[in-house]
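Have a look at the structure below, then the notes.
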Amino acid sequence: MIRIITDSTADLWQEYVEKRNLIVITMNYRLGDNNYMATPDTASPLYMDDREFYRQMRAGVIASTTQINQAQYEEAFEPVLQAGDDILYLAFSSGLTGSQHNASMAWDELKDKYPDRRLSMVDTKAASMGEGLAVWMVAEHFAAHPDLTLDELTEYSQSISMKVHHWFTVDDLKYLKRSGRVSGAAAVIGTVLNIKPVLHVDTEGHLIAVEKVQGRKKALRRLVDQFDAHCADKQNGAIFIGNCDALEDAQFVDDLIFQKTGRRATKISGIGPVIGSHSGPGTLALFFVSEDER
C-alpha cells in the first residue's frame with residue numbers, strides 16, 4: 001500500500017484529509033510571544049482559530065514560522081513504514097522552505113531500519129492550496145487507479161504539480177515587506193497609492209510579482225483574467241480559492257468565474273496561519289490546472 005503524506009501548508013480541509021486517508025505533518029508558528037501549531041485539533045492547547053489569528057495580525061502582533069524538523073518527519077514516517085506501507089511525500093515548495101532537507105535526513109535515519117520499504121519525495125514547488133490542489137489531484141488519481149506503483153504515482157505527481165497555477169494578491173504590502181518580497185519603500189508607496197500586487201508562484205517555487213494594479217477589486221479581476229487565459233479545463237477542472245479571512249472577496253472571485261463559465265469553484269477555503277504569517281490577512285488566491293507548466 002502507498003500512503004500519501006503532505007504538510008499543513010497545503011491548507012487542505014479536514015474532511016478531505018479523512019476521506020482519502022492522508023497524513024498531514026503540522027507546522028509550528030509563533031504569534032507574539034506564544035508558540036502554536038497548525039493543527040485541526042481544536043482541543044489542543046497549541047491550536048488557534050484562524051479568524052483570531054488574523055485578528056491579532058491586524059492588531060499588529062508579529063507572526064513567524066519554523067521549518068518542520070527531522071524529528072517531526074521521523075514521527076510521521078515511521079508508523080507508516082512499520083505498518084508495511086510505502087510513502088509518497090508531497091512537499092511544500094523548496095523555493096520557500098528548507099524543510100525538505102530535514103525530510104531527507106529523516107529518511108536516511110529510517111531506511112536501513114526498514115530495508116523493504118520505499119519513500120518517494122516530490123517537491124511540488126507549490127504553496128498553500130496550490131500544494132493542496134496538487135495533493136488533491138494525486139489523491140483522486142490514486143483513488144481512481146489504486147493499482148498504480150509508487151514510481152507511477154510519483155511520475156504523475158511531478159507532472160501535475162508543475163501545472164498547478166497560483167495567482168494571488170495581498171491586501172497590505174507590509175507583510176510581504178517583512179518576508180523580504182518587496183522593499184520598504186515600495187510597501188510605503190504602494191500603501192499610499194492603494195497599489196495591489198498580482199503575484200504567482202514560478203517553476204522554481206518562488207513568489208514572483210507579475211504586475212501592480214490600483215485598487216483591490218481590479219487586482220481580484222486580474223486573478224480571474226489569468227484563470228481565463230491559462231486554465232486547461234474551465235468547465236470540469238478543479239478550481240480552488242483560498243483566503244486569509246477574506247471570504248467576501250473569495251465569493252466575489254467565485255462570482256466572476258461563474259459569470260465566465262457558468263460554474264462555481266470546486267472549493268473555497270481558508271488559508272492557514274503558516275502561509276498567512278507571510279502574506280497577511282486579506283490575501284486572496286486562485287488555483288487551477290493549466291495544460292502547460294507555470
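Only the coordinates and a few stated rules stand behind these numbers; no lab work does. Given the structure is predicted, the values throughout are model-derived calculations rather than measurements. No Cβ is skipped: glycine too gets one built from the backbone with ideal geometry, and neighbour counts run over all protein chains shown.
With respect to the chain, whose longest principal axis is taken over its alpha-carbon atoms, helix 247-261 is tilted by about 90°. Taking only alpha carbon atoms, segment 164-289 gives an Rg to Rh ratio of 0.95, where Rh is the Kirkwood radius. Close lysine pairs were tallied over the chain: pairs 8 or more places apart or on different chains with Cα atoms under 16 Å apart number 12. Counting only DSSP H runs of at least 4 residues, each contributing -39500 (n - 2.57), and dividing by the residue count of the chain, the helix-based mean residue ellipticity at 222 nm comes to -12500 deg cm²/dmol. Once the mean of 1/r is taken over each pair of separate Cα atoms and inverted, segment 36-110 shows a Kirkwood hydrodynamic radius of 14.7 Å. With 0.36 nm allotted per residue and the present C-alpha distance subtracted, the LYS19-LYS174 stretch has 52.0 nm of extension available. Computed from Cα positions, the angle between helix 216-230 and the longest principal axis of the chain comes to roughly 50 degrees. Taking 7 Å steps out from each Cα toward its Cβ at GLN259 and SER159 produces label points 3.7 nm apart. About its Cα centre, the dipole of segment 164-289 is roughly 220 debye, where the only charges are +1 on Lys and Arg Cβ and -1 on Asp and Glu Cβ.
Compare the peptides 86-96, 233-243 by average per-residue count of other Cβ atoms within 10 angstrom and give them in order, highest first. Working shown, then result.
Working: 86-96: 22.5, 233-243: 18.5.
Those peptides, ordered most packed to least, come out 86-96, 233-243.
What separates the Cα centres of segment 198-222 and segment 16-65 is a distance of 25 Å.
Please report the antiparallel percentage of the DSSP beta bridges confined to the chain, to the nearest 5.
Numbers: 29 of 45 bridges.
Looking only at bridges with both residues in the chain, the antiparallel portion is about 65 percent.
DSSP beta bridges confined to segment 12-165 are antiparallel in about 60 percent of cases. Projecting label points 7 angstrom from Cα along Cα→Cβ for MET1 and ARG58 puts them 4.4 nm apart. Its relative contact order, with pairs defined as Cα atoms under 8 Å and 6+ residues apart, puts the chain at 21 percent.
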